[in-house]
1. Per DSSP helix of 4 or more residues, -39500 (n - 2.57); summed, then divided by the residues of the chain. What does that give at 222 nm, rounded to the nearest 500?
2. Taking the Cα-to-Cβ direction at ASP65 and at GLN92 and moving 7 Å from each Cα, how far apart do the two end points lie in nm?
3. Please report, in whole Å, how far the alpha carbons of the stretch 1-132 spread along each principal axis, starting with the longest.
4. Rounded to a whole number of µm²/s, how large is the Stokes-Einstein D of the chain at 4 °C and 1.567 mPa s, given Rh as the Kirkwood radius over C-alpha pairs?
5. Sticking with the crude label model, points 7 Å out along Cα→Cβ, report the distance from LYS76 to ASP35 in nm, one decimal please.
6. What's the extension gain from ALA53 to THR161 if we count 0.36 nm per residue and subtract their Cα-Cα distance?
7. Go from 0 up to the bin containing the longest alpha carbon distance in the stretch 56-106, width 5 Å each, and give me the % of pairs per bin.
8. How many nm is it between the label spots at TYR196 and LYS17, if each spot is 7 Å from the Cα in line with the beta carbon?
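What follows is calculated from the coordinates using simple rules that are stated; it is not laboratory data. Because the structure is predicted, anything quoted here is derived from the model rather than measured. Cβ atoms come from the backbone with ideal geometry, glycine included; neighbour counts cover every protein chain shown.
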Amino acid sequence: MMICSREEAYQKLQKAKAITFLTGAGISTPSGVPDYRSLNGIYQGQPEYLLSATCMQEEPEKFYDFVQKIYHPQAKPNVIHQKMAQLTKNGQAKIVTQNIDGLHEKAGSHHCTNFHGTLYECTCRKCGQKVPWQEYLTQSQHKNCGGQVRPDIVLYEEGFTEQVIEQAIAAVAEADLLVIVGTTFQVHPFCDLIHYRNPKAEILVVNQTDISLPCSYELLQENATYLFEM
């Protein structure tokens with residue numbers, strides 16, 4: 001690991017022809033969306049269970065009560081989302097995000113892979129019909145068939161679709177600059193995407209804490225807002 005200055009990081013973003021951003025909860029905290037650590041209170045000490053397929057199926061009311069608390073529809077994209085969106089529109093970047101808050105889409109990003117899905121698309125488990133998220137927040141049963149509605153996010157105990165995995169791997173493999181932003185990069189299989197990088201690609205980490213990677217990288221250790229405001 002080598003320390004990188006803000007100016008050096010900015011120059012890397014300017015010069016790269018194919019950037020892939022790997023983003024986590026830290027980029028959405030400036031928009032008022034709590035990160036994982038801030039949610040400890042509402043997780044009641046059991047985050048894996050409350051966001052598990054088992055909880056959804058066996059204690060649907062408990063699952064629904066919890067999921068309602070992680071929606072933040074009033075949140076707006078901040079400068080990080082906005083600058084990344086502009087780079088995707090210019091054809092210079094792609095995004096693979098762990099976030100389920102929909103803020104990359106709100107910012108108008110193109111080529112964004114929601115690795116863990118999104119809260120803002122919902123489906124009835126009984127009939128398979130798509131249900132507006134606004135309707136889901138008022139009732140967890142589908143008004144047409146009475147089935148249980150769920151958000152289209154990847155829960156604990158659930159697998160990933162081939163399409164999502166393939167899109168994410170392709171985005172990482174074709175980048176000449178990988179930028180890991182706002183994540184501790186410890187959640188599998190998201191953190192395993194690094195193994196699909198082009199060996200010649202540069203890796204820039206923009207985070208308030210250092211992370212562990214199986215390869216060399218440069219670290220800008222600060223809030224990413226400062227870099228994307230430049």
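1. Details: 10 runs with 70 residues, N = 230.
The helix-only estimate for the chain comes to -7500 deg cm²/dmol at 222 nm.
2. Label at ASP65, label at GLN92, 4.9 nm between them.
3. Principal extents (largest minus smallest coordinate, Cα): 51, 33, 27 Å.
4. 70
5. The modelled label-to-label distance comes out at 2.3 nm.
6. On the way: separation 108, 0.36 × 108 = 38.88 nm, distance 1.56 nm.
Length gained, ALA53 through THR161: 37.3 nm.
7. For the stretch 56-106, the binned pair fractions read 4, 17, 20, 17, 13, 10, 8, 7, 3, 0 percent.
8. Each label point is offset 7 Å from its Cα along the Cβ direction, giving 2.2 nm.
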